[in-house]
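See structure below.
The values are calculated or read from the model by the stated rules, or taken from the named source; none is laboratory data. Everything quoted here is computed from the prediction, not taken from an experiment. All Cβ positions, even for glycine, are placed from backbone atoms using ideal geometry, and neighbour counts span all protein chains on display.
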Amino acid sequence: MEEIKFRAWNVEEKIMHDIAFPSWNGMIEVWANNKPQTKVQYLTQNGEEDMGILMQYAGLNDKNGIEICDGDTLLDDEDFYIVEFDEGCFVAILDGNIIFPLSEIASDCVVIGNIHDNPELLEE
């Protein structure tokens, strides 16, 4: 069974937090839709409430062994992909509309950033 992991983009501080699922003690408030990239309220390690965008680990790693999460930007030899959770599975979006199952391309790509830390990658 694949481990379920999350990280969260802190909207106010513009930093990424690793989230340990068991440490939440059930305190997750989903604000928008049911996709993993959802605004949530979560507990930081120091016990403070924080605001963020939740991103789930896809259960796959890139060709360098880096974990791939929802919202990551991937690069293969020539194409940029955005990882999204769509209709029950993780997919790679190419040029805004061509969708590939993430499992088909993950091992050929490298994680080069994510849509929150590196929004400029979306412009290229």
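Would you call Glu67 surrounded by 19 or more Cβ atoms within 10 Å (Cβ to Cβ) and in contact with a strand residue (DSSP E or B) (Cβ under 7 Å, 6 or more places away or on another chain)? In short, no.
Looking only at residues of the range 80-91 that are more than 11 Å from Cys69 (Cα to Cα) and under 15 Å from the mean Cα position of the chain (by Cα), we find that the one that is modelled with the highest pLDDT is Tyr81.
In this entry, Gly59 passes the filter for residues that are among the small types (Gly, Ala, Ser), under 21 Å from Trp9 (Cα atoms) and touching an Asp or Glu at 6+ places or on another chain (Cβ under 6 Å).
Is the range 100-115 home to any residue that is more than 20 Å from Glu13 (Cα to Cα), part of a strand (DSSP E or B) and at pLDDT below 90? Scanning the range 100-115 turns up at least one residue that is more than 20 Å from Glu13 (Cα to Cα), part of a strand (DSSP E or B) and at pLDDT below 90. For the range 20-35, does any single residue satisfy the condition of being surrounded by 14 or more Cβ atoms within 10 Å (Cβ to Cβ), modelled with pLDDT of 50 or more and either not assigned by TED's automatic domain parsing to the domain that holds Leu94 or not aromatic (Phe, Trp, Tyr) (or both)? Checking the range 20-35: not a single residue is surrounded by 14 or more Cβ atoms within 10 Å (Cβ to Cβ), modelled with pLDDT of 50 or more and either not assigned by TED's automatic domain parsing to the domain that holds Leu94 or not aromatic (Phe, Trp, Tyr) (or both).
To keep it simple, each residue is scored yes or no on (1) touching a residue at least 12 places away in the same chain (Cβ under 8 Å); (2) in contact with a strand residue (DSSP E or B) (Cβ under 8 Å, 6 or more places away or on another chain).
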residue: Leu74; (1), (2): yes, yes
residue: Asp79; (1), (2): yes, yes
residue: Glu84; (1), (2): yes, yes
residue: Cys89; (1), (2): yes, yes
residue: Asn97; (1), (2): no, no
residue: Pro101; (1), (2): yes, yes
residue: Ile105; (1), (2): yes, yes
residue: Asp108; (1), (2): yes, no
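The set of residues from the range 92-119 being more than 13 Å from the chain's Cα centre (by Cα) and among the polar types (S, T, N, Q) comprises Asn97, Ser103, Ser107. Would you confirm, using the coordinates I've provided, whether Glu2 is surrounded by fewer than 17 Cβ atoms within 10 Å (Cβ to Cβ), over 21 Å from Asn118 (Cα atoms) and at pLDDT 50 or above? So Glu2 fits the description; yes.
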